[in-house]
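**Student:** Below you will find the structure I want to go over with you.
The values are calculated or read from the model by the stated rules, or taken from the named source; none is laboratory data. Source: prediction; values computed, not measured. Glycine also receives a Cβ, built like all others from the backbone with ideal geometry; neighbour counts cover every protein chain displayed. Remember, those area values only see protein heavy atoms, side chains included, never the ligands or the DNA or RNA. Shrake-Rupley method; radii C 1.70, N 1.55, O 1.52, S 1.80 Å.
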Amino acid sequence: MTTPPLVSPFTGQPPPQQQQQQQQGQAARDVNTASLCRIGQETVQDIVLRTMEIFQLLRNMQLPNGVTYHPNTHQDRLGKLQEHLRMLSVLFRKLRFVYDKCSENCAGLDPILPEQLIPFREDDGAKHDDHSAAQNHRPAAEDRREILEVNKKLKKKNQQLKQIMDQLRNLIWEINSMLAVRS
């Protein structure tokens, strides 16, 4: 049985609470890939944390060999271990869901090779016959030239600062020498 949505008699629209629920439902469906990746990263961190806790429990757990066997303590630790393992399986299922969603969202995208994303300096012997390829590399060449210019300016400023520091050091040395002679 379903009930019809409540409609305000004055506006002909659902009440504000129902509008918020509809907007939240749409927002849940329209989650973008970046937020899914963030959720996946947090899930991986939770998995690592749970795994570390499991190893810590296993390290502290004593085997029931009869020497210092406390059944209640052993059962309590065993229960904690099983709870951590259950949560770990839930987290792995969540991670799998996020992975599937990300793969589904990125299915229509053209794959880009990492080599295309990383600018690199080509050898002098390698020349492109394609003129359009040379045009595509011009912005990268301009960026490299600007970076080289900034590096040259930075080196020059660093040399100037070093000279000033050396001069100050010599001045302080001379002042200290004069003070020592006076005393």
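**Student:** For a quick check of your reading of the model, give me the residue pairs whose first member lies in segment 34-47 and is within 23 Å of residue 84 (Cα to Cα), whose second is open to solvent by 20 Å² or more (accessible area, probe 1.4 Å) and not in a helix (DSSP H, G or I), with beta-carbon atoms closer than 9 Å and at least 6 apart or on different chains.
**Tutor:** Between residues of segment 34-47 that are within 23 Å of residue 84 (Cα to Cα) and residues that are open to solvent by 20 Å² or more (accessible area, probe 1.4 Å) and not in a helix (DSSP H, G or I), the close pairs are 39/31.
**Student:** Of everything in segment 137-183, what is open to solvent by 80 Å² or more (accessible area, probe 1.4 Å), assigned to a helix (DSSP H, G or I) and of a type in the set (S, T, N, Q)? Give them in sequence order.
**Tutor:** Matches in segment 137-183: 158, 159, 163, 167, 170, 176.
**Student:** From (1) at pLDDT below 80; (2) open to solvent by less than 100 Å² (accessible area, probe 1.4 Å), pick out the condition that doesn't hold for residue 29.
**Tutor:** (2)
**Student:** Which pairs do you get when a residue that is open to solvent by 50 Å² or more (accessible area, probe 1.4 Å), found in segment 71-95, comes within reach of a residue that is of a type in the set (S, T, N, Q) and modelled with pLDDT under 90, reach meaning Cβ atoms under 8 angstrom, with the pair 6+ apart or on two chains?
**Tutor:** Taking only residues 6 or more apart or on different chains, the pairs are 77/60.
**Student:** Sticking with this structure for a sec: Limited to segment 102-135, what total is found for residues that are open to solvent by less than 70 Å² (accessible area, probe 1.4 Å), modelled with pLDDT of 80 or more and of a type outside the set (S, T, N, Q)? Walk me through how you get there before you give the answer.
**Tutor:** Residues of segment 102-135 that are open to solvent by less than 70 Å² (accessible area, probe 1.4 Å), as a first pass: 102-103, 105-106, 122, 126, 132-134.
Retained after the next criterion (residues that are modelled with pLDDT of 80 or more): 102-103, 105-106.
Now drop any that are not of a type outside the set (S, T, N, Q), which leaves 102, 106.
Number satisfying all stated conditions: 2.
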